[in-house]
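Following: one structure in structure tokens, then a few remarks.
The values are calculated or read from the model by the stated rules, or taken from the named source; none is laboratory data. Only a predicted model underlies this, so the values are computations on that prediction, with no experimental measurement involved. With ideal geometry, Cβ positions are generated from the backbone for all residues, glycine too; neighbour counts draw on all protein chains shown. In case anyone asks, the SASA skips ligands and DNA or RNA and just uses the protein heavy atoms, side chains included. Shrake-Rupley method; radii C 1.70, N 1.55, O 1.52, S 1.80 Å.
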Amino acid sequence: MLNLVLFGPPGAGKGTQSERLIEKYQLVHISTGDLFRAHIKDQTNLGQQVSQIIADGNLVPDSITIAMLEEEIKKNPQAKGFIFDGFPRTVAQAEALDTFLASISEKITGVVALDVNEEELTQRIAKRQEISGRADDAADKLKKRIEEYFSKTIHVLPYYEAQGKLAKVNGIGEIETIFNDLTAIIDQY
Ligand code: ADP
């Protein structure tokens, strides 16, 4: 299996690049943000539990997120591999993912991190909010999400670096150029 983590701060372009990558490599895309939004829209139990947390720009507790992710992997036993987008966002999530994959004799192949500075992120999300209307894209909530990223999520990078699995790609520029940089790395796995 080819199991990739696409890593980066809010607004780094993970969703855009994931769409292209799943097509090229025939992988199953698991975006925890998309899954949560679907639960909220369908007003499931889980959706009701997380909707305020997400609207405020906070991270959903690890236990909830990890359980949802494992369910999603189990739903796709025929997958050639997965792209994890927006997960793991904490070191505990990264550890849980490794443990779960090991239990099905799988592992993370590699982690590609999209590098985008904070100024560019803020600009992109301001633009996105005009289109998406996502409550958590509003300026104060976005500030919280970026804070969560720099206080909790950033620590996931050294976790994978220590495993020799981390590669970084410049996330600013043409979508096509960034995609080519990503595939150049993935093709070497
Ligand atoms: P973005 O990539 O723009 O940050 P996402 O769609 O990935 O947005 O996530 C939206 C929100 O969903 C996050 O701000 C957080 O509240 C919640 N969320 C998504 N993934 C996780 C995760 N792995 N752990 C905890 N919370 C998460």
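Kindly list the number of the only condition in (1) open to solvent by 30 Å² or more (accessible area, probe 1.4 Å); (2) in contact with a helix residue (DSSP H, G or I) (Cβ under 7 Å, 6 or more places away or on another chain) that fails for residue 60.
Just one mismatch for residue 60, condition (1).
Is it the case that residue 120 is out of contact with any Phe, Trp or Tyr (no Cβ under 9 Å at 6 or more places or on another chain), without any contact (Cβ under 8 Å) to a residue 24 or more places away in the chain and more than 8 Å from the ligand (Cβ to nearest atom)?
Considered against the rule, which asks whether it is out of contact with any Phe, Trp or Tyr (no Cβ under 9 Å at 6 or more places or on another chain), without any contact (Cβ under 8 Å) to a residue 24 or more places away in the chain and more than 8 Å from the ligand (Cβ to nearest atom), residue 120 comes out as no.
Find the residue count for region 2-24, including only residues that are touching a residue at least 12 places away in the same chain (Cβ under 8 Å) and assigned to a helix (DSSP H, G or I).
9
Return the residues of region 34-51 that are farther than 16 Å from residue 67 by Cβ and surrounded by 13 or more Cβ atoms within 10 Å (Cβ to Cβ); say none if nothing qualifies.
Matches in region 34-51: 34, 37, 40, 51.
Every residue, every condition in (1) under 22 Å from residue 158 (Cα atoms); (2) away from the ligand (no atom under 13 Å from the Cβ); (3) modelled with pLDDT under 95, yes or no:
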site: 62; (1), (2), (3): yes, no, no
site: 70; (1), (2), (3): no, no, no
site: 92; (1), (2), (3): yes, no, no
site: 97; (1), (2), (3): yes, no, no
site: 101; (1), (2), (3): yes, yes, no
site: 116; (1), (2), (3): yes, no, yes
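Do you know which residues across region 103-137 are under 17 Å from the mean Cα position of the chain (by Cα), farther than 21 Å from residue 181 by Cβ and of a type in the set (A, V, I, L, M, F, W, C)?
125
Sort out for me the helices (runs of 4 or more DSSP H) sitting completely within region 63-179 that have 3 or more residues that are open to solvent by 30 Å² or more (accessible area, probe 1.4 Å) and of a type in the set (D, E, K, R).
118-132, 139-151
For the structure I just gave you, tell me whether residue 138 is away from the ligand (no atom under 13 Å from the Cβ), hydrophobic (A, V, I, L, M, F, W, C) and without any contact (Cβ under 8 Å) to a residue 12 or more places away in the chain.
no
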